[in-house]
1. Quickly run through segment C:159-216 and pick out the residues that are in contact with a Ser or Thr (Cβ under 9 Å, 6 or more places away or on another chain) and polar (S, T, N, Q).
2. For segment A:90-122, give me each residue that is surrounded by fewer than 22 Cβ atoms within 10 Å (Cβ to Cβ), within 14 Å of another protein chain (Cβ to nearest Cβ) and not charged (D, E, K, R).
3. In the list A:ILE254, A:ILE248, which residue meets the criterion of being in contact (Cβ under 8 Å) with a residue 24 or more places away in the chain, open to solvent by less than 40 Å² (accessible area, probe 1.4 Å), touching a Ser or Thr at 6+ places or on another chain (Cβ under 9 Å) and not in a helix (DSSP H, G or I)?
4. Answer yes if at least one residue in segment B:148-170 is open to solvent by 10 Å² or more (accessible area, probe 1.4 Å) and either in contact with a Phe, Trp or Tyr (Cβ under 6 Å, 6 or more places away or on another chain) or farther than 29 Å from A:MET287 by Cβ (or both), and no otherwise.
5. Would you mind stating whether B:GLY70 is at pLDDT 70 or above, part of a helix (DSSP H, G or I) and within 19 Å of the chain's Cα centre (by Cα)?
6. Scan segment C:138-155 and give yes if some residue there is open to solvent by less than 20 Å² (accessible area, probe 1.4 Å) and within 11 Å of another protein chain (Cβ to nearest Cβ), otherwise no.
7. Please state which of the following conditions C:GLN131 fails to meet, knowing it meets all the rest: (1) among the polar types (S, T, N, Q); (2) open to solvent by 10 Å² or more (accessible area, probe 1.4 Å); (3) touching a helix residue (DSSP H, G or I) at 6+ places or on another chain (Cβ under 8 Å).
8. Out of all the residues in segment B:99-145, which are of a type in the set (Phe, Trp, Tyr), within 22 Å of B:ASN82 (Cβ to Cβ) and modelled with pLDDT under 85?
Amino acid sequence: MAKYIVKRFFIMIITVLLIATLTFFLMHSIPGSPFNQERGTSEAVQANLEAFYGLDQPLYVQYAMYIKSIITFDFGPSIKNPNQTVNDLLSRGFPISFELGIITILTALVSGVTLGIIAALRHNGFIDYLAMTFAVLGISIPNFVLATLVIQQFAVNWGILPAATWSSPAHMVLPTLALATGPMAIIARLTRSSMLEVLTQDYIKMAKAKGLTPFRIIIKHALKNAMMPVVTILGTLIAGILTGTFVIEKIFAIPGMGKYFVDSINNRDYPVIMGTTVFYSSILVFMLFLVDIAYSLLDPRIKLNAKGGE
Amino acid sequence: MNKQQTNLPSKQDIPEDWFKPIGKNREKAEDVVRPSLSYWQDAWRRLLKNKLAMGGLVFLVLLALMAIFGPLLTPHSPTAQNLPNQNQAPSMNHYFGTDNLGRDVFTRTWYGARISLFVGLAAALIDFFIGIIYGGVAGYKGGRTDSVMMRIVEILYGLPYLLVVILLLVVMGPSLTTIIVALTVTGWIGMARIVRGQVMQIKNYEFVAASQSFGAKTSRIIKKNLLPNTMGPIIVQMTLTVPTAIFAEAFLSFLGLGIQAPHASWGVMANDALSTIISGHWWRLFFPALFISLTMFAFNVLGDGLQDALDPKLRK
Amino acid sequence: MKIANDEKIKQNPKAKTYEQPVLQVDNLEVTFKTYGGTVQAVRGVSFNIMKGETLAIVGESGCGKSVTSSAIMGLIPSPPGKITNGQVMFNGRDLTGLAKNELRKIRGADISMIFQDPMTALNPTLKIGDQLIEGIMQHTSISTADAKKKAIEMMKLVGIPNPTERMKQYPHQFSGGMRQRIVIAIALMCEPELLIADEPTTALDVTIQAQILELFEEIQQKTGVAIILITHDLGVVAKIANRIAVMYAGKIVETGTKREIFYEPKHPYTQGLLNSVPRLDLKGKPLEPIEGTPPDLFAPPVGCPFTARCPHAMTVCEKIMPQQTALSQSHGVNCWLLDERAQR
């Protein structure tokens, strides 16, 4: 088990470094200086600014500085707003985005799994068709379309829920709904198919032959096994939710990290782009790491196979 | 023993000559009752039965036709501004109304369909070629080559794909080509994994050993023997790649990182129309949103249908 | 012949009396609705099994023997499956007419089942101990500690070393043979009166097979449990069965004691089955496979289902289903060849 975690941990570090390096070289392959766009900046001021941000150094020095900034978690000041650092932006935006993300994941997981189980137990019944049609719709409607749809209905037409910002539980309903529907639909479909697969297994027949109640068979025998494929795609879903926060925060005017990220891209604010990218990637990779651990806890067979991976 | 009592003809009723031996009637025993269909015929037959998937297919064919011919049905240009004519509700002149710059939403919708379908199909095809080469080589060679190649895939898989796409767009500047390149940079991984799995499974089959013993070259074995047998899951993966790519394009354009104005893409149109939630010009948001959703829905149900139809386990 | 359910027969090592029938199956019919049509998987099967007896149901795959066992347990997946006719009398009660929760009280407590593949019959994510005790915890008001004690006892009975430690392990930490022993131990936890073993040795190595069969004999002697053994393997049958029923295309075509079936087979299908397996007592005789395939049960033939493959087929075989002819108290054959008008 420990060996497995260590191995996963190393892959995690490598991935983060890879993304960081990729980001660095991509950013530096853009021709010109970020200060060129601003008209009226004199040569001298520009040189000054470049020196301030270390842009006059050779590339390898800049790379070393950049890696150092990642390790020390100090991404320096923003270019567009020199009076605030990237860390300021992150510490302001991250708690909100994190809240949105966690609420979304929990909503999607709980409702998706419930829906999937009900559909599987009523296989080929009316509820099954209803749930699955709903699920395909959920997958097909992009989150930004859904966001505008729910604002139109709940906030504008009916006026029962607030449409923007992130200040009270009522404000969280619509963004969460818009962001969670897609992942929920994916989880529901996967839970259903995996549950159906598990229900045909011999150990379920055996549990029935033992005379156990249907409830016990589902909870004790089917659910844990059926959850394994769901856990494996959780990583991808988290990544989707994370990028989904960009648009949701934009539409609902939520002052989260995603908003700063999109703004920094539109403003070509390189320190912010690099800082947020690395931060996002680390969070994501760490989530994938947690998912892996969760999977190995769920499946007792993993522990023995730790050496070879899969 | 409980003897079965039936009301069959009594002993006298049975003609005497029915008790003459007729010998083994072997042809009858070997008779195959159900007609044998090839894999593809069988899959097609089952796809035809799936109404939802067929509905998706029909919608996509119609959409493709409209993407090609739709703009010819109106005299309006997709990009020309006509300010006095702004925010017109749908009418016989402008079927889907006009936007805030007086452009015809109907014409723009079909231009958007061109972009969405092009992005989706191009991404699926490029993923297909890269994935099949990478996955095919990894799966076929096996051993050390495979484990190195798969370790690379494992690390790339950890990359958040939309983040990478966004970074590439920042560097290369937003354009259609950039979007497609950016989408395929990480998109081929799923395909490569599937192809590898299929190849691993099939390469131990006897017919591969047979062609190896004839001295066939590796590339020929992959092309002639392995690929035809791995097509099912690959086709499904391709079908499901398309809506992902369409979503990504719309998503990026919506964020202002993709297709740029004045070009019409469904994402751009939806982004432009965000303010209509308040202003009430619903048609500007409704039509692009409807067509993105319908197109993704159609590809998803078609993919699901193909998955069921092409699964050899479900053959009856 | 009404025996109250609570009058449970106590264990008796010497209980080799075959007088009391534990289970009587009468004219059982099971059908499955599929896209292609209705499959008549079991078409009027009747047999009974006495206390302490081992009855083997033998036949090719797809002949309906596993469906029969599922029907007895009330485990036919419905839909698409359905018991369309017949009775399953267990201690005087018709199981086919019982409500689901009534049936559940019998399942696992009075009738247990052993599955073919021990690699898939155990839940990979649950500890062996939990899988052993959950049945008895469901059926009785036994305490967890006592249930565990009982489980350890059962593991000892089926020959698993270090049962106390083994209780805490997962299925993947056991070999195939050991897993089948666990499956047997689970089936025995509630001291059932009837054990249905569906191909219990098919998935195992030959040496392990012999061990498992010996275990069955030993358990039967100790507990007096009646065993229905479902198999296609005549070697297994020869070893432990008392009586044999031969099934073909959803019907029992011949039934008799082991001696009657092995030495005086009357149905051409039984004869074919015996000729297609190697036997030590008939050395030098070449093996003869039965040619052809069983009929499609979507549309089973009106007459004897074996007609098309039968070397002695007659016109009457195609037209009319043969009735059972009793050759002795125990030996019954459904074949027109036993009619006096047949020209043998």
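1. Listed by number, the residues that qualify are C:GLN180, C:THR201, C:THR202, C:GLN209.
2. A:LEU121
3. Values: A:ILE248 fails: not in a helix (DSSP H, G or I).
Just a single option satisfies the conditions, and that option is A:ILE254.
4. no
5. Numbers: at pLDDT 70 or above: yes; part of a helix (DSSP H, G or I): yes; within 19 Å of the chain's Cα centre (by Cα): no.
So B:GLY70 does not fit the description; no.
6. Within segment C:138-155, the subset open to solvent by less than 20 Å² (accessible area, probe 1.4 Å) is C:147, C:151, C:154-155.
Retained after the next criterion (residues that are within 11 Å of another protein chain (Cβ to nearest Cβ)): none.
Scanning segment C:138-155, I find no residue that is open to solvent by less than 20 Å² (accessible area, probe 1.4 Å) and within 11 Å of another protein chain (Cβ to nearest Cβ), so the answer is no.
7. Failing condition for C:GLN131: (2).
8. Narrowing segment B:99-145 to residues of a type in the set (Phe, Trp, Tyr): B:106, B:110-111, B:118, B:128-129, B:134, B:140.
From what's left, within 22 Å of B:ASN82 (Cβ to Cβ): B:106, B:110-111.
Passing the criteria: only B:PHE106.
The values are calculated or read from the model by the stated rules, or taken from the named source; none is laboratory data. Keep in mind that this is a model prediction, so the values were computed, not measured. We place every Cβ from the backbone using ideal geometry, glycine too, and count neighbours over all the protein chains shown. These accessible areas exclude ligands, DNA and RNA; they are computed on the full protein's heavy atoms, side chains included. Shrake-Rupley method; radii C 1.70, N 1.55, O 1.52, S 1.80 Å.
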